[in-house]
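Written out below as structure tokens is the structure these notes cover.
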Amino acid sequence: MQKIKLEKLNRNEALRYMGHRGEVSTALEALMEKCEAELLEHISPAFIYKVFDIEESDEAVNVCSTTLTLRGKDIREHLSGCSRAVLLCATIGPAVDSFIRKKEITDMSSAFAADALASAAIEQVCTMADEIIKSQLPDKFFTWRFSPGYGDFPLDTQRDFLNVMNAQKRIGLCLEESNILTPRKSVTAVAGISDHQVERKKRGCASCNMASKCNFRKRGEHCGF
């Protein structure tokens, strides 16, 4: 397990998650500052990763020496041209869930802001993890992260994914019956690794299973994916 220290959170990204447009009022700025300071006292960012050889079959990508099979056309295309893949699990810890739940009882505005800031925080952790992993393999080329639930990459892949990574023991990452990760502000993802430059597959709403009910799309925006 590798721990990461976050000294500040991406408020602009959090505001985007909140659907905020235009200038930030003094009251909202104060709310974000307060929630950020409180949240930083509760987060415990950490991640784990492993690199595996992969083999493509007709309908899936097999993660060698494991029971994990990555099913779906989208993940196969995403990993095309790659001989290895890095599996990543990241979280900002269980205390954040408790903190947000308490806020929901006492102050919904603060809960809303804290939830958005927490979403921004886990993305920051993943970005920092990417940089650390790439620094360990400086002569390799990487695809971007692709998570279960994107496109036709099944969300139920999470269970085998966590088992292969021994994520519950190593990082405290578990899975509900609905295939939702706990702690909630956590991520699992796959990135391809190649010895040569690989085509940067297109990212966007077409590859997301939330596209039909996404609030960003309703506002004419996108989440950054």
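Quick one: if you take sqrt(5λ) for each eigenvalue of the C-alpha gyration tensor of the range 1-129, what semi-axes come out, biggest first, whole angstrom?
Computed over the range 1-129, the values are 37, 16, 13 Å.
How much accessible area per residue does the chain have, counting only protein heavy atoms and a probe of 1.4 Å, in square angstrom?
With all protein chains present, the chain gives 53 Å² per residue.
Pull up the cross-link candidates among the aspartates and glutamates for LYS34, meaning alpha carbon to alpha carbon under 18 Å and not fewer than 8 places away within one chain.
Qualifying aspartates and glutamates at Cα under 18 Å: GLU7, GLU13, ASP97, GLU104, ASP107, ASP115.
Could you look at the chain and say what percent of its accessible area is carbon and sulfur, using a 1.4 Å probe and all protein chains?
The C+S portion of the solvent-accessible surface of the chain is 48 percent.
What is the Cα convex hull volume of the chain when expressed per residue in Å³?
135 Å³
How large is the dipole of the chain about the Cα centre if only Lys and Arg carry +1 and Asp and Glu carry -1, each at its Cβ, rounded to the nearest 20 debye?
Dipole size: approximately 220 debye.
Amide H to amide H, which residues 5 or more places from LEU175 or on other chains are under 5 Å from it, using H placed in the peptide plane?
THR182
The values are calculated or read from the model by the stated rules, or taken from the named source; none is laboratory data. These numbers were taken from a predicted model, which means no experiment stands behind them. In this analysis, Cβ positions are derived from the backbone assuming ideal geometry, glycine residues included, and neighbour counts consider all displayed protein chains. SASA here: full protein model, heavy atoms, side chains in, ligands and nucleic acids out. Shrake-Rupley method; radii C 1.70, N 1.55, O 1.52, S 1.80 Å.
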